[in-house]
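Right, one structure below, let's go through it.
The values are calculated or read from the model by the stated rules, or taken from the named source; none is laboratory data. Quick caveat: nothing in here was measured; it's all calculated off a predicted structure. Quick reminder, even Gly has a Cβ in these numbers, built from the backbone with ideal geometry, and neighbours come from all protein chains shown. Side chains are part of the model used for accessible areas, which takes the heavy atoms of the whole protein and leaves out ligands, DNA and RNA. Shrake-Rupley method; radii C 1.70, N 1.55, O 1.52, S 1.80 Å.
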Amino acid sequence: NVDPGVPPGDLLDFNYTAVFLAPTLDLRDSALNPTQGILVTSEFSTSPSTSLSDVQFWSARGRFSYFFPFPAGIVFATSFQGGIIAPIKDTDTIPIALREFAGGTNSVRGFKFESIGPKVNGEPTGGEVFLALQTEIRFPIWGSLQGAVFCDQGGVWFERTRVDLTDLRYAVGAGLRFVTPA
């Protein structure tokens, strides 16, 4: 469902076969509502075969999250994530379905889902590189109700060789959370 103004090559139907490695280190006290510890995730993948794939690329993604408890149930949480994808061999442009995007709950809150970065006719096209930093202070309000104040920033760049950190987008806000067992 791609806008017709997206440059040629982005609308291709394509097949690919990729191999990947995805190591994770999880030292948090809770996977659902962490109050201390670190989480490091990463994924490295490649699709180098011209006989098994219509598109050849390599990509790397990662996230580092840190949680630090303060007295009275206050938690400082921060997360840095990024990703890069690059064409190799006969591939010139990464198809839109494989590109990096940012915006929304899990990257830069305050922006619509996947809305940050290059656009064609107002529609996001994604890019070869994304970076996002989320920082927040969580605090208890009453029972299972929590509050949070946050500052997020991030960006997406169409070409991996043209990253300009002055293009980062920022969002500051506050929120409420109701902690449940699920």
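For the stretch 114-154, a tally of residues being at pLDDT below 95 and in contact with a helix residue (DSSP H, G or I) (Cβ under 8 Å, 6 or more places away or on another chain) returns 2.
Just checking, does the stretch 129-140 include any residue being basic (Lys, Arg), under 24 Å from Leu39 (Cβ atoms) and part of a strand (DSSP E or B)? Scanning the stretch 129-140 turns up at least one residue that is basic (Lys, Arg), under 24 Å from Leu39 (Cβ atoms) and part of a strand (DSSP E or B).
Any residue at all in the stretch 159-173 that is under 30 Å from Leu52 (Cα atoms) and part of a strand (DSSP E or B)? Checked the stretch 159-173: no residue is under 30 Å from Leu52 (Cα atoms) and part of a strand (DSSP E or B). Whenever a residue of the stretch 106-118 is in contact (Cβ under 8 Å) with a residue 60 or more places away in the chain, its partners that are of a type in the set (Asp, Glu), lying with C-beta atoms within less than 7 angstrom and at least six residues away or across chains, give the pairs Val108/Asp152; Arg109/Asp152; Gly110/Asp152.
In this entry, Phe113 is excluded by the filter for residues that are open to solvent by 60 Å² or more (accessible area, probe 1.4 Å) and within 20 Å of Leu27 (Cβ to Cβ). Among the residues of the stretch 115-128, some residue qualifies, meaning at least one is of a type outside the set (Lys, Arg), out of contact with any Pro (no Cβ under 9 Å at 6 or more places or on another chain) and assigned to a loop (DSSP other than H, G, I, E, B). One residue stands out in the stretch 30-82 among those that are under 20 Å from Thr135 (Cβ atoms) and of a type in the set (Val, Ile, Thr): the one that is least open to solvent (accessible area, probe 1.4 Å), namely Val75. Once the stretch 83-93 is narrowed to residues that are among the β-branched types (Val, Ile, Thr) and closer than 24 Å to Gln153 by Cβ, the residue that is most open to solvent (accessible area, probe 1.4 Å) is Ile84. Within the stretch 156-174, the set of residues being out of contact with any Gly (no Cβ under 7 Å at 6 or more places or on another chain) and open to solvent by less than 70 Å² (accessible area, probe 1.4 Å) comprises Val163, Asp164. Looking across the stretch 83-109, just one residue is among the acidic types (Asp, Glu) and under 13 Å from Leu131 (Cα atoms), and that is Glu100.
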